[in-house]
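The values are calculated or read from the model by the stated rules, or taken from the named source; none is laboratory data. Owing to the predicted nature of the structure, the values given are computational and were not obtained by experimental measurement. Ideal geometry is used to build each Cβ from the backbone, glycine not excepted, and the neighbour counts take in all protein chains shown. When the accessible area is computed, the model is the full protein with side chains, heavy atoms only, and any ligands, DNA or RNA have been set aside. Shrake-Rupley method; radii C 1.70, N 1.55, O 1.52, S 1.80 Å.
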Amino acid sequence: MAATKRAFIVGGVAGGASCAARLRRLDEQIEIVLLDRGPYVSFANCGLPYYVGDVIQEEAKLLVATPELFRKRFNIDVRTQHEVLSIDRGAREIEVRDLVSGRRYREKYDVLVLSPGAAAIRPPLPGIDLPGIFTLRTVPDSRKIREWIDARSARRAVIVGGGFIGLEMAENLVHRGIEVTIVEMANQLMPPLDPEMAEFVHQRLKTHAERLQLGDAVAAFEADAEGRLTVRTQKGGAFPADMVILSIGVRPETTLAREAGLEIGVRGGIHVDDQMRTSDPNIWAVGDAVESRSVITGVPELIPLAGPANRQGRIAAEVISGRDSRFRGLQGTAVCGFFGIVVAMTGATEKALKRAGVTGFQAVYLHPGHHVGYYPGAKPIHIKLLFNLKDGRILGAQAVGEEGVERRVDVIAMAMQMGGTVFDLEGAELCYAPQYGAAKDPVNVCGMAAANVVRGDVELADWNGLPGSHALILDVRDPHEFENGTIEGATNIPLGQLRERLEELPQDQEIWITCGVGQRAYYACRLLTQRGFKARNLSGGYESYRAWYPHGVQAV
Ligand code: FAD
């Protein structure tokens, strides 16, 4: 069958491979060539930390699909170790170099799809090119790290950057018996989280004795005569290491696009429309290399995740095949697990909302168990839910815990995708049996707490206003709980005595109410406001306070 047109796809992993396979399913006649400068296509980048950690023991398991499979099953011409050097948009040609033979050649395209991904950032610091300093992006990168660990019998590692990949690497190196120090420039791990939510991560990580150097940046790398490394920080820290992993983020791979004169967006990614078309109507771009609008704020974002890259690849293929598919935007739904902690998020954080100039939102904090308390083994999930105060639209959720975390965030993510509100969460019908959840699932409870605020049934106090607040702080827990720790300066009246002791409370002063996790405080708020007091709930109660204030962390 003669080909109707020629499609070239640059980059054969998440976005590129998805695009190629979808394109073939939709168009049997088009010629498809998938080019990658690396030795593999369709490999599992997300599995690389676990290969380093020996959790995944065979390299072959990382190869999701081989060039042979693409050829046989999809009639796709896969050319690994072929780098695309340039795009001649006028002639509709690309220049390619075969990295094995060194041969350069040109190919004519009708359709070009760019999915070149992102490059790990290597800051130009003194000593950055010393042996033993690694980034992790590809299968060969992970192989090099494994070989180094084995050859040097590595015992100590410094991880620069405490985000998703840094923390996954920390867990995997510890799994290999390596002592890990994490140096992070921000004052928090997991920079995508709001700082008060990251505090739950810090607390858990400290119990694993990993050394955390927060709020400090690397100044230089040094090596002694035996090649042993020292990582020096701006605050004067000196951390000896047998190896260093740089995981300080990625930047979109835009060289080809820039040099071809394609439009680059405000965040530095390739500019595309919602059909993944670049500023050239014959060229599409997808994945980590492009910027897309946030579904929440409408602001262009770079969110390097496998899910969006795959979906964008499919959408580009559909549009190329004549369908009217559109990318709905980035929601940033992500999960990461390390040392038994699970961190998941979806939508905007409070800092992202503020950066985008969004106002009129509110946050509730909750700490429900992942299943009912009476069934053994319930673990708390710390949740922050952000929502629009006027209509209850869900803007984002962050959760940290050990069990059932990603399930709750996935449910909220789906509700958001359907344009859902806190009222939808309140009324959601979800799975329940004692070992899995509760008749009022954490998702329902989040919805109820937020819906109470939107309906005006309760007002929330501002955690950031606590220091120097003129409000009376009222703790409605039982005396034995109060004695074990409370908010500084708080007065204790247990909820069960509140009705009888109303005369002890001021009518002309705000009363900010706290309890264990916010539930009894909510009951107290309802009681007091109906009796004419100005009461507000400190959302999340003492559990929130205890996590944040002793560490000087404030809500955003
Ligand atoms: P990539 O998958 O990076 O593919 C780009 C390909 O293009 C590369 O193979 C590259 O060699 C090739 N290329 C670039 N330039 C050229 C050129 N000029 N010529 C030829 N070929 C070229 N995301 C998640 O959602 N969950 C996770 O748990 C997760 N874990 C991760 C762990 C690690 C260690 C890494 C590195 C990433 C992880 N990600 C995760 C991110 C996810 O892998 C990426 O978002 C996704 O792979 C992006 O897809 P892409 O197609 O844009 O780019």
Measuring from centroid to centroid over Cα atoms, what is the spacing of segment 67-90 and segment 318-353 in Å? 28 Å
Can you give me the distance in nm between label points at ARG326 and LEU130, each placed 7 Å from the Cα along the Cα-to-Cβ direction? 5.3 nm
Going by average Cβ neighbours within 10 Å, how do the peptides 271-277, 99-105 rank, with the highest at the top? 271-277, 99-105
Theoretical ellipticity at 222 nm over the chain - DSSP helices of four or more residues, -39500 (n - 2.57) apiece, nearest 500: -7500 deg cm²/dmol
Segment 417-556, relative contact order in percent, only Cα pairs under 8 angstrom and at least six apart counted: 22 percent
Carbon and sulfur: what percent of segment 375-524's accessible surface (1.4 Å probe)? 50 percent
A 1.4 Å probe over the protein heavy atoms gives segment 66-193 a carbon and sulfur accessible-area percentage of 50 percent
Top positive-direction residue, dipole computed over the chain with Cβ charges, set GLY447, ALA289, GLY261: GLY261
Give me the log10 of I(q) over I(0) for segment 185-331 at q = 0.15, 0.22 Å⁻¹, as the Debye formula computes it from C-alpha points; what are the numbers? -0.88, -1.27
Antiparallel content of DSSP bridges confined to the chain, in %, to 5: 55 percent
Cross-link pairs LYS354/LYS390; LYS351/LYS379; LYS206/LYS379 - those with Cα-Cα distance over 21 Å: LYS351/LYS379
Note down the net charge around LEU495, summing +1 for each Lys or Arg and -1 for each Asp or Glu among other residues with Cβ under 12 Å from its Cβ. +1
Taking every pair of alpha-carbon atoms in segment 167-260, give the share separated by more than 20 Å as a whole percent. 47 percent
Label-to-label distance, nm, for residues given as GLN417 and LYS144 (7 Å Cα→Cβ offset): 3.6 nm
Gained length - ASP478 relative to GLU402, 0.36 nm times residue gap less alpha-carbon distance: 24.6 nm
The percentage of the accessible area of segment 283-329 (probe 1.4 Å, all protein chains present) made up of carbon and sulfur atoms, to the nearest whole number, is 47 percent
What value in Å³ per residue do you get for the convex hull of the alpha-carbon atoms in the chain? 175 Å³
Measuring from label point to label point, each 7 Å out along Cα→Cβ, what is the ARG73 to ARG122 span in nm? 3.4 nm
Solvent-accessible area per residue for the chain (1.4 angstrom probe, square angstrom): 43 Å²
